[in-house]
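Here is the structure we will look at.
The values are calculated or read from the model by the stated rules, or taken from the named source; none is laboratory data. These numbers were taken from a predicted model, which means no experiment stands behind them. When we count neighbours, we look across all protein chains shown, and the Cβ atoms used for this are built from the backbone with ideal geometry, even at glycine.
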Amino acid sequence: MYYREIAALRFWTFVDQSQSCWIWKGAKTSTGYGLFIAEAKKGQKHQRVLAHRYAWSLANDQEISFKHHLHHTCGNRLCVNPTHLELTTVSKHRGLHAKAYCKRGHLKPGKRCKECNKMMTKIWWQRIGNARRKEKRQLERQG
């Protein structure tokens with residue numbers, strides 16, 4: 001057998017296919033993605049590959065360039081089911097994961113929440129802006 005076929009057989013032993021999401025049971029990264037160490041050819045180092053990327057490559061018989069990401073349509077980072085993985089560009093993938101709401105629960109249309117920005121500006125003027133105005137008036141009266 002070829003190295004790729006041996007690695008593929010070993011890969012599927014770490015996958016639980018009993019549900020619609022095929023759950024990776026092997027090693028995991030610190031960010032919660034599956035990690036697979038693919039066997040390399042003689043004289044080469046072993047490759048560390050994200051499990052979902054490896055599964056997609058096996059199913060589609062092509063490598064994924066670094067310009068592309070795979071989006072989990074199911075939202076499960078440990079899922080390696082190729083039908084739950086969508087090949088996207090990096091910018092599109094970031095857009096899919098952009099938060100629609102700020103930490104205070106306001107709808108966030110862009111990078112910053114307009115409601116929170118207004119609130120923080122008001123608080124700044126109450127605390128610092130008014131104090132600076134008072135200091136300026138005092139200096140004008142003295143001078």
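Tabulated data for the structure shown
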{"item": "Top-ranked residue in segment 22-49 [being of a type outside the set (S, T, N, Q), part of a loop (DSSP other than H, G, I, E, B) and in contact (Cβ under 8 Å) with a residue 12 or more places away in the chain; ranked as farthest from residue 90 (Cα to Cα)]", "result": "41"}
{"item": "Those residues of segment 102-112 which are surrounded by 11 or more Cβ atoms within 10 Å (Cβ to Cβ), without any contact (Cβ under 8 Å) to a residue 12 or more places away in the chain and not charged (D, E, K, R), in sequence order", "result": "106"}
{"item": "Segment 37-73: number of residues that are within 21 Å of residue 12 (Cα to Cα), of a type in the set (Ser, Thr, Tyr) and at pLDDT below 90", "result": "0"}
{"item": "Among the residues listed as 81, 117, the single one being within 30 Å of residue 27 (Cα to Cα), out of contact with any helix residue (DSSP H, G or I) (no Cβ under 6 Å at 6 or more places or on another chain) and surrounded by 10 or more Cβ atoms within 10 Å (Cβ to Cβ)", "result": "81"}
{"item": "Residue that is part of a strand (DSSP E or B) and either in contact with a Leu (Cβ under 8 Å, 6 or more places away or on another chain) or surrounded by 10 or more Cβ atoms within 10 Å (Cβ to Cβ) (or both), where the choices are 71, 52", "result": "71"}
